[in-house]
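Every number here is computed from the coordinates shown, using simple stated rules; none is lab data. These figures come from a predicted structure and were not determined experimentally. When we count neighbours, we look across all protein chains shown, and the Cβ atoms used for this are built from the backbone with ideal geometry, even at glycine.
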Amino acid sequence: MRQELLSLLEEKTGAVASVAGWLWQRGWAERNAGNISVRLDKGKQLSSHDQSKTPALALPKRFSTLAGSLLLVTGTNTRMRDVADLPRENILLIRINDEGDGYHILPRAEMTRLRPTSELATHLCIHEMLAAKRPDHSVVMHTHVTELIALTQIKDLCDEEKLNRTLLGMHPETSVFIPAGVGFVPYSLPGTIAIGEATVKALENHAVALWEKHGVFATGPEPEETFDMIDLLAKSASIWFLCRSAGYDPEGLSVSQLDGLTKLKF
Ligand SMILES: [Zn+2]
C-alpha cells in the first residue's frame, strides 16, 4: 500500500477513535450501539491486485458508484469504548469490489475475525449518495443520542417541520450551524436496504437524520465535525426537555430572531 494512503489511514483511524470515545462518554453508545465509517477516495488508487485473495463477501445490492472504494468501518458488536482504546482491533478496512456487489476485508496486523457493522448496508447507501452529491462529506456516523430519541417518542414531534421548529428554536447555534435542520425517518427495521434508502432520502437535503425511536445518522467532512452537529442537536433537545421538566413550554426563538441569525457570518 502506498505511504500516502497508509498515513491517511492512520490519521482517519485516530480521528474515528477519538470520536468513538466521545460517543461513549456522552452516554450515546450503550453496549455495541453506534457505528462509524469513513470513505477514502484514495482507495480508488488501490488496484484489485492489492486486495485480499479471499472471495468477496456479498452485499445486498450493487453499489456501482462505490466500486473500488476503500472505507474504514467500525466492526460489528464492537463497543465504542473499545474502538477508542484499541482502534486498530475494532476498525476494519474494506474495499468494495470492482463490480460493486461485494467487498473484501483488507488485512491489518491486529485484525482477526472482525466483520463490519450490521448497519453496513445503510452506511453504503449513504456513501453512494454522498459520493455523487456531497463528495466533501466522507464520514457517516450513527449513534443513540438519548435526548433526540426521546423527542421521537413524542408522536406530535414525529413530523419533520415540527421537529425542526423545536430543535432550531432552542439555541441560536443550532440554527446557525444546522440551518437545514434534520431529516425524519419513520421507524423501520434496522440493518435493511429499506431503512438505508429512507435514510438516504432524508439525508439528501440534511446533514443529520433522526431515526424514530432509535437514533441519529449524520454525515460530515471529518469525524469531529460530524460529532459537533449531533452535539448541537442534543443540546437543543436537552434545553427543550429541561423547560418541560420545569413545567414550562419553551418559547423558542421567534421568526425574526431566527431571521437575524441568517445574516451572521462565521
Ligand atoms: Zn442503532
With the charge dipole of the chain built from beta-carbon charges (+1 for Lys and Arg, -1 for Asp and Glu) about the Cα centre, the Cα from 237, 226, 104 projecting farthest to the positive end belongs to 104
Taking only C-alpha positions in the stretch 168-230, Rg and Dmax in angstrom work out to 12.0, 36
Based on alpha-carbon centroids, what's the gap between the stretch 53-112 and the stretch 240-256 in Å, whole number please?
43 Å
Its Cα gyration tensor gives the chain an equivalent ellipsoid whose semi-axes in whole Å, largest first, are 34, 18, 17
Any chance you could give the angle, 0 to 90 degrees and rounded to 10, that helix 193-203 forms with the longest Cα principal axis of the chain?
50 degrees
Ranked highest first by average number of other Cβ atoms within 10 Å, how do 234-246, 152-164 line up?
234-246, 152-164
In the stretch 200-241, what GluC sites (Glu not before Pro) fall in a loop by DSSP, with at most 15 other Cβ atoms inside 10 Å?
204
Could you tell me how many degrees, from 0 to 90 and to the nearest 10, lie between the Cα long axis of helix 120-133 and the main elongation axis, the longest principal axis, of the Cα atoms of the chain?
80 degrees
So for the chain, averaging the separation of alpha carbon pairs under 8 Å that are six or more residues apart and normalising by length, what relative contact order in percent results?
19 percent
Determine the sum of side-chain charges near residue 29: Lys and Arg each +1, Asp and Glu each -1, restricted to other residues whose C-beta is under 11 angstrom from that of residue 29.
+2
Helix-only mean residue ellipticity at 222 nm for the chain, each DSSP H run of n ≥ 4 adding -39500 (n - 2.57), per residue, nearest 500:
-12500 deg cm²/dmol
With the charge dipole of the stretch 3-261 built from beta-carbon charges (+1 for Lys and Arg, -1 for Asp and Glu) about the Cα centre, the Cα from 67, 248, 9 projecting farthest to the positive end belongs to 67
